[in-house]
Amino acid sequence: MSFEELEHTADVLMRVRGATLNELFAEAGRAMFSVMYGPCEDRDVERRIEIEAENLESLLIDYLSELLFVTEVENTVFCTFDVELLGTRLSAVIRGELFDPARHSAGTLVKGISYFGLEIVKEEEGYVVEIIFDI
Amino acid sequence: MLAGINKIGDLEWEVPIGYVPDMRVPGRFFLSRTLAETLEEGAVRQLANVATLPGIVKHSLAMPDIHWGYGFPIGGVAAFEMTEGVISPGGVGFDINCGVRLITTPLTEADLARRKRELIERLFAAVPTGVGAKSTMRVSNKDLSAVMVDGARWAVERGLGTEADLVRCEGEGAMTGADPEAVSAKARQRGVPQLGTLGAGNHFLEVQVAKEIVDPEAAKAFGITEGQVCFMVHCGSRGLGHQVATDHLRTLEAALAKYGIRLPDRQLACAPIDSPEGRAYYGGMVSAANYAWANRQVIMHESRKVFADLFGIDYDEMRLVYDVAHNVAKFERHDVDGVSTEVCVHRKGATRAFGPGAEGVPREYAGIGQPVIIPGSMGTSSYLLHGTTAAMEKTWGSTCHGAGRVLSRSKAKKEVRGKELRERLAGEGILVRAHSDAALAEEAPGVYKPSREVVRVVHEAGLSDIVARLEPLGVIKG
């Protein structure tokens, strides 16, 4: 499982891979937080998220949008994502630390997750998705 | 130029119906040969995709800062019929009413000389910036509802500005039709602690000097003189606006089947203007837009206090020239085939540029046209222009909004080191203050198209006329 930033002039385009859908969603979370804050450590902040949607792509957008909401209103930065999908229902336990301007100011604010070109594709070795983060 | 696009004027290009399936009208954009070298095929496809939306009138348009975004291209403008047409968050963007305001001061560059660093530090301390920035204001949920209805007026009524400021904002600093009920609890939660904060990314508070007056008559009307120190605020509706866009995009996307709308890109999710979903988005978007006007008003107030305190000048000597929105959808009256018709104009990364005599231009500027403010990127010039009659005829009274990126964030990080950039700019007399050097690299001047070329194109295409050029002296980066 991994994520990599691809060329995109206006926004941030990430290609995310996971051996399973659970891993894909976990990596997507990691990718987004790396854009926003740079490195982060697991320091006893834990949060649980439950989301349901009508399809996997909408679920991914709702999940990432929920993470954006949580990080902003709770002043937390997350780095570990344990995601479990049951069909199009997601439950996740996310862990990280409190936002510290001295250590978490290397990134940029993500304003939203775009539907443009968002498609979860099954490949031989797992799943891949390309996500545009509006910055 | 890319294949399949027709040249129809010196700086004007047409994307014919058929460029992508189901286009209802042609696309049109404005570009010089130099700028055409960096035109992305994806941006043209997005321009063509907009032309497939129900009720689009005349053309799907793009300004010379066109580039590849999501939904509409950045720099995209389109008008929709009020009955058959749609409204789409993809034509506004996540940062609802991202915009710019320009303020003049009675100071000259010489007045600043020894105290420039102190000024920049004081402004940096006074205006919360960057990821995680929180306001020092105490805003209740009830206050927030009032902000979303009254916009900049909310701040002025609390002593954070003057009545004269309101007259010099697009729409007097608020749109009518706000519906705070269409703003979710989540959006409110994000909005309460952020009023008066700059945000991050390409947002900034910049101290500038009016270096060149191009149109003396218009400059006089706008109250700007050569050598004058000014400041510029570039920001939007913060987390509240982002959440409103996210929430309604989701609702509209789910309602597409209900209205039988087929789209080439789900980010163009939309609903008829006069449908429950369309009305709800409009009411939420207006609420967020008004929040953004209040936000820029508060930031201007805090900045004025710093200038007044440091240089012993009067608050009222710092005159707001104008405040423009560059991410918004509005109901406006325009000439459609000789008939004055109400349409819903979407501007995504485009600025309203109403010409002389147009309704909505402040009375004191009526003979000149609306001021248009085009921010540069860090280290490059910003421009003050005015709207034109040609813009009213060709682009629903719209022009460009900025420089437009040419280098991705990842490439910028590889090619530019934040610390070196900060030092180089300091060598040129431009002081930059940000929370981190890494964030600076992403917004380095070289990652944008030269603002002068974009502005030259809108000037020569007649979409707006240059009044003055401003150079940066110091920048607070979001």
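The values are calculated or read from the model by the stated rules, or taken from the named source; none is laboratory data. Here the structure is a predicted model, which means the values were calculated and not measured. Cβ: placed from backbone, ideal geometry, glycine included. Neighbour counts: every protein chain shown. Ligands, DNA and RNA are stripped out before the accessible areas are found, and what is left, the full protein with its side chains, is counted by its heavy atoms. Shrake-Rupley method; radii C 1.70, N 1.55, O 1.52, S 1.80 Å.
The figures follow:
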{"quantity": "Check: the protein assembly as shown dipole with +1 on Lys, Arg Cβ and -1 on Asp, Glu Cβ, in debye", "calculated": "920 debye"}
{"quantity": "Listed residues B:H248, B:H459 arranged by accessible area, highest first, probe 1.4 Å", "calculated": "B:H459, B:H248"}
{"quantity": "Gap separating the Cα centres of the stretch B:91-128 and the stretch A:119-135, nearest whole Å", "calculated": "40 Å"}
{"quantity": "The stretch B:438-478 versus the stretch B:160-194: alpha-carbon centroid distance in Å", "calculated": "27 Å"}
{"quantity": "Straight-distance crosslink candidates among aspartates and glutamates, where the alpha carbon sits under 15 Å from B:K414 and sequence neighbours closer than 8 are dropped", "calculated": "A:E4, A:E5, A:E7, B:D437, B:E442, B:E443"}
{"quantity": "For B:242-252, mean number of other protein chain Cβ atoms within 10 Å", "calculated": "4"}
{"quantity": "Principal-axis tilt of helix B:418-427 within chain B, Cα atoms, nearest 10 degrees", "calculated": "60 degrees"}
{"quantity": "Euclidean distance of C-alpha centroids, the stretch A:1-21 and the stretch B:403-422, integer Å", "calculated": "20 Å"}
{"quantity": "Of all accessible heavy-atom area on the stretch B:76-218, the percent that carbon and sulfur account for (1.4 Å)", "calculated": "49 percent"}
{"quantity": "B:T34 accessible area, 1.4 Å probe, all protein chains in place, Å² to nearest 10", "calculated": "80 Å²"}
{"quantity": "Selection from B:P128, B:V167, B:A146 lying farthest towards where the dipole of the stretch B:105-171 points positive, charges on Cβ", "calculated": "B:P128"}
{"quantity": "Among A:A92, A:G29, A:C40 the positive-end extreme of the charge dipole of the stretch A:2-134 (Cβ point charges)", "calculated": "A:C40"}
{"quantity": "Global form of the stretch B:152-196, assessed from the alpha-carbon gyration tensor, a/c cut-off 1.5", "calculated": "oblate"}
{"quantity": "Sequence-separation-based contact order of chain B, relative, with Cα cut under 8 Å and 6+ spacing, percent", "calculated": "21 percent"}
{"quantity": "Highest-first arrangement of B:378-389, B:315-326, B:118-129, A:37-48, where packing means the average Cβ count within 10 Å", "calculated": "B:378-389, B:315-326, B:118-129, A:37-48"}
{"quantity": "Residue mean of other protein chain beta carbons inside 10 Å, A:99-109", "calculated": "6"}
{"quantity": "Whole-number D in µm² s⁻¹ for the protein assembly as shown, Kirkwood Cα-pair radius fed into Stokes-Einstein, 20 °C, 1.002 mPa s", "calculated": "89 µm²/s"}
{"quantity": "Where the stretch A:2-134 is the region considered: accessible area per residue in Å², 1.4 Å probe", "calculated": "40 Å²"}
{"quantity": "Surface share of carbon and sulfur [accessible, 1.4 angstrom probe, percent] for the stretch A:2-134", "calculated": "45 percent"}
{"quantity": "Column: log10 I(q)/I(0), Debye, Cα scatterers of chain B, q = 0.06, 0.07 Å⁻¹", "calculated": "-0.23, -0.32"}
{"quantity": "log10 of Debye I(q)/I(0), alpha-carbon scatterers only, for chain A at 0.11, 0.19 Å⁻¹", "calculated": "-0.35, -1.10"}
{"quantity": "Size of the B/A contact, given as accessible area buried on both chains, probe 1.4 Å, in Å²", "calculated": "3600 Å²"}
{"quantity": "Chain B: angle of helix B:276-311 to the longest principal axis, Cα-based, in degrees nearest 10", "calculated": "20 degrees"}
{"quantity": "Approximate shape of the stretch B:230-297 as ellipsoid semi-axes (Cα gyration tensor, √5λ), whole Å, largest first", "calculated": "28, 12, 9"}
{"quantity": "Protection proxy ranking of B:435-442, B:131-138 - average other beta-carbon atoms within 10 Å, highest first", "calculated": "B:435-442, B:131-138"}
{"quantity": "Listed residues B:Y259, B:A210, A:H8: farthest to the positive end of the dipole of the protein assembly as shown (Cβ charges)", "calculated": "B:A210"}
{"quantity": "Within the stretch B:77-120: backbone nitrogen closer than 15 Å to the B:E226 label point (7 Å, Cα to C-beta)", "calculated": "B:109"}
{"quantity": "Number of partner chain Cβ atoms within 10 Å, mean per residue of B:125-133", "calculated": "4"}
{"quantity": "Theoretical ellipticity at 222 nm over the protein assembly as shown - DSSP helices of four or more residues, -39500 (n - 2.57) apiece, nearest 500", "calculated": "-9500 deg cm²/dmol"}
